[in-house]
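Written below as structure tokens is the structure these notes are about.
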Amino acid sequence: MRAERPERDAMSCARALPFVLLLSACAAQSGSNASPEVIANSVADVIADLSGVGAAPATMPTSGGATYTGYATAFVKETITDQIGRQLVGTAALDATFTAAGARIDGSVGNMLGKTGVNQTELFSAIQNGHAGDIEDILADYSEATGQIAVESTGASGANFEVTIDGTITHDGDALHFDGRGTGNFSGDGATGVQVTGTAGGAGNMTLTENNALRAGTLAVVAAQ
């Protein structure tokens, strides 16, 4: 069990994760545990656990397994260049099985909160600073979203892998469906951390719809053992 984490400064967060991932288990996560405090603490825990790991290549186990917990962010917008859209943020739980041939990973994203009309840099900046209190303050006027998104690797692989993404999140009466493929990677000694990203629009391989209308956006998962 993780100990409580003190608030971290911007440099701590910058060391923790690659820049693109800051924008961003097989347990079911439907939204019943969604709260600003729970999600903010999930973010702070991962940042603390992965501080010092950064983008260093992973040393991969060849047997056994691991459970990863962390957070996920998603941003839904009209076009890939838009800065304003719907921000979603929640928790993530992933399981990995390690073999000599590589690793398999599967899990889910859920317990989400959301808000429309948000500048996509607002939450990103708070996560980058790594202060749980600031993140919790931002999420105070977010509303609960239900549903979950499943993430599963497409086969045994090394530190870098591809995943399938599939699931629907309902927020403010709108059905947001995520489907397609994303990429991921392990990081750190013993594969301490794992990150997954999916992009809809542009050259991305994920499809994102809002009430069956195509949308652009991103999904990012960051988790640690």
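Bear in mind that the values in this text are calculations on the coordinates, not laboratory data. Remember, it's a predicted structure, so these values are computed and weren't measured experimentally. Glycine gets a Cβ as well: all are built from the backbone with ideal geometry, and neighbour counts include every protein chain shown.
Decide, for the range 95-199, between rounded, prolate and oblate: order the square roots of the alpha carbon gyration tensor eigenvalues as a ≥ b ≥ c, take rounded if a/c falls under 1.5, and otherwise choose prolate if a/b is larger than b/c, else oblate. Spell out each step's value before the answer.
Working: a/c = 2.68, a/b = 1.55, b/c = 1.73.
The shape class here is oblate.
Once each part is reduced to its C-alpha centroid, what is the distance from the range 138-196 to the range 197-218 in angstrom?
13 Å
Karplus couplings for the range 142-156 from phi (6.51 cos²θ - 1.76 cosθ + 1.60, θ = phi - 60°), rounded to Hz, Gly and Pro as x?
Calculated HN-Hα couplings, in order: 7, 10, 5, 10, 10, x, 8, 10, 8, 10, 8, 5, 7, x, 4 Hz.
Give me the net charge for the shell around Gly173: Cβ to Cβ below 13 angstrom, other residues only, Lys and Arg +1, Asp and Glu -1.
-3
Quick one: which residues, 5+ away or cross-chain, put their amide H under 5 Å from the amide H of Ala145? H built at 1.01 Å from N.
For Ala145, whose amide H was placed from the backbone, the distant partners under 5 Å are Met112, Leu113, Gly114.
Mind running the shape call on the range 143-225? Use the C-alpha gyration tensor, a ≥ b ≥ c as the square roots of the eigenvalues: rounded below 1.5 for a/c, prolate if a/b tops b/c, oblate otherwise. Numbers along the way, then the final one.
Details: a/c = 2.60, a/b = 1.75, b/c = 1.48.
It is prolate, given that a/c is not under 1.5 and a/b is the larger ratio.
So who's got an amide H within less than 5 Å of the one on Thr207, skipping anything under 5 residues away but keeping other chains? H placed 1.01 Å off N, in plane.
Here Asp179, Gly180, Arg181 satisfy the definition.
Pop out the ³J(HN,Hα) list for the range 208-225 in order, Karplus 6.51 cos²θ - 1.76 cosθ + 1.60 with θ = phi - 60°, rounded to Hz; leave Gly and Pro as x.
Whole-Hz 3J(HN,Hα) from phi for the range 208-225: 10, 10, 10, 6, 6, 9, 4, 9, 9, x, 9, 10, 9, 10, 9, 8, 9, 5.
If you plug each phi of the range 104-121 into the Karplus form 6.51 cos²θ - 1.76 cosθ + 1.60 with θ = phi - 60°, what whole-Hz ³J(HN,Hα) values come out, in order, with x for Gly and Pro?
10, 9, 8, x, 8, 10, x, 6, 9, 10, x, 7, 9, x, 9, 6, 5, 7
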